[in-house]
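Data block below; observations after.
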Number of protein chains: 2
Amino acid sequence: MYGHLSARRLSAHYPQFYARVQGARAWDVDGREFVDMMCSFGPMILGYKHERVEQAAADQRQNGDTQPGPGACMVELAELFTERVDHADWAMFAKNGSDATRLCLSAARATTGRRSVVAGETAYHGWSSWSNRYADGKAGRPDPETFRYIYNDVDSVRAAVEQAGQENVAAVFVSPFRHDAGHDQELVDAGFARGVRALCDEIGAALVMDEVRAGFRLHHGSSWEPLGVQPDLSAWSKAIANGYPLAAALGSNRFRAGIEQVFATGSFWYQAVPMAAAVATIHALRDEDAVARMRAAGTRLREGIARQAAEHDCAVNQSGPVQIPNLSFAGDTEYQRAMTFCGEAAAHGAIVHPRHNWFLSSAHTDADIDRVLEATDAAFRAVRASFGPD
Amino acid sequence: MYGHLSARRLSAHYPQFYARVQGARAWDVDGREFVDMMCSFGPMILGYKHERVEQAAADQRQNGDTQPGPGACMVELAELFTERVDHADWAMFAKNGSDATRLCLSAARATTGRRSVVAGETAYHGWSSWSNRYADGKAGRPDPETFRYIYNDVDSVRAAVEQAGQENVAAVFVSPFRHDAGHDQELVDAGFARGVRALCDEIGAALVMDEVRAGFRLHHGSSWEPLGVQPDLSAWSKAIANGYPLAAALGSNRFRAGIEQVFATGSFWYQAVPMAAAVATIHALRDEDAVARMRAAGTRLREGIARQAAEHDCAVNQSGPVQIPNLSFAGDTEYQRAMTFCGEAAAHGAIVHPRHNWFLSSAHTDADIDRVLEATDAAFRAVRASFGPD
């Protein structure tokens, strides 16, 4: 077992193989039922087997899925994306979030004729080697064309640009908020968002927003639209088709001629069923006011956990937006408390992760959250029993 | 429109958007019916909507597809792959063919601690920048760690290894036969296969077989098994799930510890429906003797085209295995004859491509092939009318 779904370093209570999912619930192959607070690490946003999405997928499947070319739903989806996301004048579709971030880099490089990238210090932008030094195991290394900054620190972005040489910088990558694995999360500072936008304009680089993790959970458009800050390019995946495999690179007209020079393709990039599912998902998200519902459920969870932590005398930090929460324990440098917590939560029927943020969906009811809070109450008790008071 | 499915540089008769597929037939959005000789560029191998595959997919879908972890079918599929493919001791699953080739490179680098790659001169191993200089448009460049050889020329492989420095070579990539786009195809020479295997053993590099294009169309296992030559690692995608999005990297035990060091993952890599479809596909391929059926249908097509070319006095070259055929016209350096041919074939109800090899499936009946031959007869007539006798 490999990748982000490997449970082998987690508690023995933590499930690995699944038999069935429905709504906000999942059942493992041993027949145990869980409230899923990981939402398959993001893809599930409206609940598993959401009727409108499944109907659209089934209707398309009856005609065709992988075909000798795209279906008409590809045009419909591109039009919907460019209507919903303010900065987008075009859309290109792929399978992995890593495809989408790499396509944004390709568009930036092809347009600017430059190669360097500036990205957050421990930010994850997919498993591609430009951002992931562990892609080649012991033969891996940081990409010499990637330069790093500290999130929410415009001066550090400027320093990374200078290190690269500003005439070499093709793209500055940002995420909607800081959600690096193994770190407390950090909401974006509006001054940082405006500052990095101004810097990109000054040096002629593309501002690329990686929406793979957070897209459509914070806003029914690009995540910095409420701040009035538009990226040039953005990468989307995970939740855009409620679990069907799809990714999208979106861009403004300035990058259209550049992306047309790029050769990139995949055997399943034109699959029609995920595109039909995405059209239904994006409509359902707004029609069902999904962001507000995730925020309400996330607030109930955050307040409940804060109350329990105080009752059990555990010093914790809850960080990031309530829709994409993160929980850490004070002094827990080796994640021992978090591991105990998540193992016990799993033993009591809730899937949460010790090192990765969690995800809310619009299918999480008050009853689901209360069920999770029963599990976390037991989990706090176990942490307190194993590690004593702080 | 982008990538390998873009029809914008082809004849106006060539279809771009599809409404429906069934068996070996496809209908475009204008209601025209075609025999599909591209098989969605490979993924369709048993026919669209193959009953056994669709039933397996539907059964799995009823339980779950993208879930918080893999389903039991992942274990079943890994066991089936390692049973069917002689060199494979383990399997890792992803979405794109490019993912699978890149994972093989990762496994080779992580195991050997070396970084250089040796690959065929115009070979396509996916859109990743290690093998595709057009990934970044005008800012693109050949990867400085990739060295090139000429297919079927062991001396040129040795020369590329020397250029890289043999102590730096992590992997030598091969394809089952030469199927570079824009070239006549070339079957593998058994001496080349054995020579490159011996050279890899001598220098301690991995021999990586890229089965993405040809896998399971030539043999119910790795494509060089009939020659008695085993690679160390192999990359699979396209046809392995009859159109469902899936890729696989397979490897021998020597590379197990290496691949375990690699960090690589994707949001949809654990999707259960494509894995269930792959299990059904791999069983159906052997149970229905698919390779023999594709060979028979491909032979009928090749013989028919040869007859027509002679009748119309057109000098053509048909190359590669009959299951993955390629047609080129003598002196057709700008592909004008091939473009006319494919446009007319489309106008008469058959989808074939001017610059890319075609694919047979086990669903192509004699009647389908005869229907294609009616279209190609008209196409040869049009070529002759436009370009005169050779």
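The values are calculated or read from the model by the stated rules, or taken from the named source; none is laboratory data. Quick caveat, the model's predicted, so the values are computed rather than measured. Backbone-built Cβ (ideal geometry, glycine too); neighbour counts: all protein chains shown. Ligands, DNA and RNA are excluded from the accessible area calculation, which covers all protein heavy atoms including side chains. Shrake-Rupley method; radii C 1.70, N 1.55, O 1.52, S 1.80 Å.
Provide an ascending nm list, one decimal, of label-point separations from residue B:202 to the equivalent residue in each further copy; define each label point as 7 Å from Cα along Cα→Cβ.
5.8
Based on the alpha-carbon gyration tensor of segment A:217-257 and its eigenvalue square roots a ≥ b ≥ c, which shape applies: rounded if a/c is under 1.5, prolate if not and a/b is larger than b/c, or oblate? Display every interim value, and only then the final one.
Details: a/c = 3.90, a/b = 1.22, b/c = 3.19.
In terms of gyration-tensor shape, oblate.
Arrange the peptides B:345-354, A:206-215 so that the one whose residues have, on average, the most other Cβ atoms within 10 Å appears first.
Numbers: B:345-354: 22.5, A:206-215: 27.3.
Packing proxy ranking, top to bottom: A:206-215, B:345-354.
Residues of segment B:256-270 losing 50 Å² or more of accessible surface, assembly versus chain alone, probe 1.4 Å, please list them.
For segment B:256-270, once contacts with the other chains are taken into account, B:261, B:263, B:265, B:267, B:268, B:270 lose 50 Å² or more.
Along segment A:232-238, what does the Karplus equation 6.51 cos²θ - 1.76 cosθ + 1.60 (θ = phi - 60°) give for ³J(HN,Hα), rounded to whole Hz, x for Gly and Pro?
8, 9, 8, 10, 10, 6, 6
Alpha carbon centre of segment B:209-247 versus segment B:294-313: separation in Å?
If you average the Cα positions of each part, the centres end up 26 Å apart.
Quick check: at a probe of 1.4 Å, how many percent of the accessible area of segment A:106-218 sits on carbon and sulfur atoms? Kindly include the intermediate steps, with their values, before the conclusion.
Values: 1810 of 3920 Å².
Reported share for carbon and sulfur atoms: 46 percent.
Roughly how many Å² is the accessible area per residue of chain A, as a whole number, for a 1.4 Å probe? Write down the numbers at each step before the final one.
Numbers: 13100 Å² over 390 residues.
Accessible area per residue, chain A: 34 Å².
Please report the residue of chain B with the smallest beta-carbon distance to the B-to-A rotation axis, and give that distance in Å, no decimals.
Axis relating chain B to chain A; nearest Cβ residue and distance: B:95, 2.
Using the Kyte-Doolittle scale, which helices in chain B average at least 0.0 and also have C-alpha atoms spread 27 Å or more along the helix axis, with helices defined as whole DSSP H runs? Numbers along the way, then the final one.
Numbers: long enough: B:290-311 (31 Å, -0.34); B:366-387 (31 Å, 0.03).
Helices meeting the span and hydropathy rule in chain B are B:366-387.
222 nm [θ] for chain B, helices only, -39500 (n - 2.57) per DSSP H run of 4+, per residue, to 500? Walk me through the numbers before you get to the answer.
Values: 10 runs with 144 residues, N = 390.
So the helix-based figure for chain B works out to -12000 deg cm²/dmol.
Give the span of segment A:154-212's Cα atoms along each principal axis, as three whole-Å numbers ordered largest to smallest.
Its Cα atoms span 33, 22, 21 Å along the three principal axes.
Does any residue of segment A:74-114 lose at least 40 Å² of accessible area with all protein chains in place compared with its chain alone, and if so which ones (probe 1.4 Å)?
The answer is A:96, A:102.
Work out the charge dipole of segment A:66-169 with +1 on the Cβ of Lys and Arg and -1 on the Cβ of Asp and Glu about the Cα centre, then indicate which of A:161, A:103, A:144 is farthest towards its positive end.
The listed residue farthest towards the positive side: A:144.
I need to check one value: relative contact order of chain B, counting alpha carbon pairs closer than 8 Å and at least 6 residues apart, in percent. Don't skip to the answer; put the middle values down first.
On the way: 790 pairs, mean separation 94.4, N = 390.
Value for chain B: 24 percent.
At what distance in angstrom do the alpha carbon centres of segment A:106-136 and segment B:360-375 lie from each other?
Between the Cα centres of segment A:106-136 and segment B:360-375 lies a distance of 46 Å.
Determine the dipole magnitude for chain B: charges of +1 sit on the beta-carbon of Lys and Arg, -1 on that of Asp and Glu, nothing else is charged, the reference point is the Cα centre, and the result goes in debye to the nearest 20. It would help to have the intermediate numbers written out before the result.
Details: 38 positive and 48 negative charges, 142 e Å.
The dipole of chain B has a size of about 680 debye.
Does segment B:1-153 come out rounded, prolate or oblate by the C-alpha gyration tensor, with a ≥ b ≥ c the root eigenvalues, rounded set by a/c under 1.5 and, if not, prolate when a/b is larger than b/c and oblate if not?
Here segment B:1-153 falls in the oblate category.
Round to the nearest 0.05 the FRET efficiency obtained for residue B:55 and residue B:287 when R0 = 22 Å and r is the Cβ-Cβ distance. List each step's numbers first, then the result.
Details: r = 14 Å, r/R0 = 0.63.
According to the calculation, E is roughly 0.95.
Taking square-rooted eigenvalues a ≥ b ≥ c of the alpha carbon gyration tensor, is chain A rounded, prolate or oblate, where a/c under 1.5 means rounded and, failing that, a/b exceeding b/c means prolate?
Values: a/c = 1.82, a/b = 1.27, b/c = 1.44.
Taking the square roots of the gyration eigenvalues as a ≥ b ≥ c, chain A is oblate.
Fully extended, how many nm does the chain gain between residue B:387 and residue B:317 (0.36 nm per residue separation, minus their Cα-Cα distance)? Mind dumping the intermediate values first?
Working: separation 70, 0.36 × 70 = 25.20 nm, distance 1.69 nm.
Gain on stretching residue B:387 to residue B:317: 23.5 nm.
Give me the summed buried accessible area for the A-B pair, 1.4 Å probe, to the nearest 100 Å².
On the way: alone 16540 and 16510 Å², together 26170 Å².
The buried area between A and B, both sides summed, comes to about 6900 Å².
Which residue fluctuates most in the GNM of chain A (Cα springs below 10 Å): A:62, A:230, A:318?
Of A:62, A:230, A:318, the Gaussian network model singles out A:62 as fluctuating most.
Over segment B:259-390, with every protein chain in place, what whole percent of the accessible area is carbon and sulfur at 1.4 Å, could you tell me?
On the way: 2170 of 4680 Å².
It is 46 percent, rounded to a whole number.
List the GluC sites (Glu not before Pro) within segment B:325-390 that DSSP assigns to loop and that have no more than 11 neighbouring Cβ atoms inside 10 Å.
Numbers: sites: B:334, B:344, B:374; in loops: B:334.
Counting only loop positions with at most 11 other Cβ atoms within 10 Å, the GluC sites (Glu not before Pro) in segment B:325-390 are B:334.
Given points 7 Å out from each Cα along the Cα-Cβ axis, report the residue A:155 to residue B:86 separation in nanometres with one decimal.
6.5 nm
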